[in-house]
1. Is it the case that some residue within segment 40-48 is touching a helix residue (DSSP H, G or I) at 6+ places or on another chain (Cβ under 9 Å) and exposed (fewer than 14 other Cβ atoms within 10 Å of the Cβ)?
2. Within segment 95-129, track down each residue that is within 17 Å of the chain's Cα centre (by Cα), without any contact (Cβ under 8 Å) to a residue 24 or more places away in the chain and under 23 Å from residue 24 (Cβ atoms).
3. Select from segment 252-272 the residues that are in contact with a helix residue (DSSP H, G or I) (Cβ under 6 Å, 6 or more places away or on another chain), within 20 Å of residue 110 (Cα to Cα) and part of a loop (DSSP other than H, G, I, E, B) and list them in ascending order.
4. Checking residue 209 against (1) buried (at least 17 other Cβ atoms within 10 Å of the Cβ); (2) over 15 Å from the mean Cα position of the chain (by Cα); (3) under 29 Å from residue 23 (Cα atoms), which single condition isn't satisfied?
5. How many residues does segment 158-174 contain that are surrounded by fewer than 18 Cβ atoms within 10 Å (Cβ to Cβ) and more than 23 Å from residue 213 (Cα to Cα)?
6. Considering each residue of segment 101-127, count those that are surrounded by 18 or more Cβ atoms within 10 Å (Cβ to Cβ) and in contact with a strand residue (DSSP E or B) (Cβ under 6 Å, 6 or more places away or on another chain), and give that number.
7. Taking segment 75-94 only, how many residues are loosely packed, with under 13 Cβ neighbours inside 10 Å and either at pLDDT 90 or above or closer than 16 Å to residue 46 by Cβ (or both)?
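The values are calculated or read from the model by the stated rules, or taken from the named source; none is laboratory data. As the structure is a prediction and not an experimental result, all values here were calculated from the model. Note: ideal-geometry Cβ built from the backbone for every residue, glycine included; neighbour counts use all protein chains shown.
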């Protein structure tokens, strides 16, 4: 029996409370009516044309995207623009769209927690704790035993889905690392956080040249972590399986699927 979208929204609010989102964020319902029926839910990182076509082709009634489609100001929803075209596609197919972004990052089993668990870290704790125990931005923990930075990077390559950009590392391949800080998505705002500075290595995405260069130089002086820069999409895609399992438990009559579409924006890389 299908659920009303309003019932699904009540579940997602319990799983990923909206008040946990950052002030600049825009989680919540983007398209759809509370009374419409939902029997099939499709999870994606990015609400882009290919992932939404996949959802609609599968018969999904609701797409839950990690990244908000309308995060910043939109002056037009004309179908000549990407956001207008995907909104029109959703409305015509009667497919609802919901986003769970930083409110899904901070929960106990959010994006960074999932990545930390997949790396086998112990003693996992938030880098920047929220009010509720076990919640907050990023995670830090310890490997069971020290490994080389290169080996950890290779483990990441096995854990994460492949992307054109691969995995970039700042630090000596053979240096031992044990305390690991992670932040799914763009995490250079945490480079100066005490928990990150105390870690042996910091894993995140979207590291920009100047912050990464400064952090690398500080590391070479013996203060601060080695850096591993991964795909933003890949670092958060792992969370979709966890979210899907939670939804299947809460909504047992619904079909819940996870997108296999790679929405990392880069298609290929050339290395000399």
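1. no
2. Listed by number, the list holds a single entry, 126.
3. Step one: list which residues in segment 252-272 are in contact with a helix residue (DSSP H, G or I) (Cβ under 6 Å, 6 or more places away or on another chain), which gives 256, 258-259, 261, 263-264.
The next check asks that each one be within 20 Å of residue 110 (Cα to Cα); those that pass are 256, 258-259, 263-264.
259, 263, 264, listed by residue number.
4. The number of the failed condition is (1).
5. Looking only at that region, the number is 4.
6. Qualifying residue count, segment 101-127: 10.
7. First, the residues of segment 75-94 that are loosely packed, with under 13 Cβ neighbours inside 10 Å: 75-76, 78, 80, 82, 92.
Checking the rest, the ones that are also either at pLDDT 90 or above or closer than 16 Å to residue 46 by Cβ (or both) come to 78, 80, 82, 92.
Total meeting the criteria: 4.
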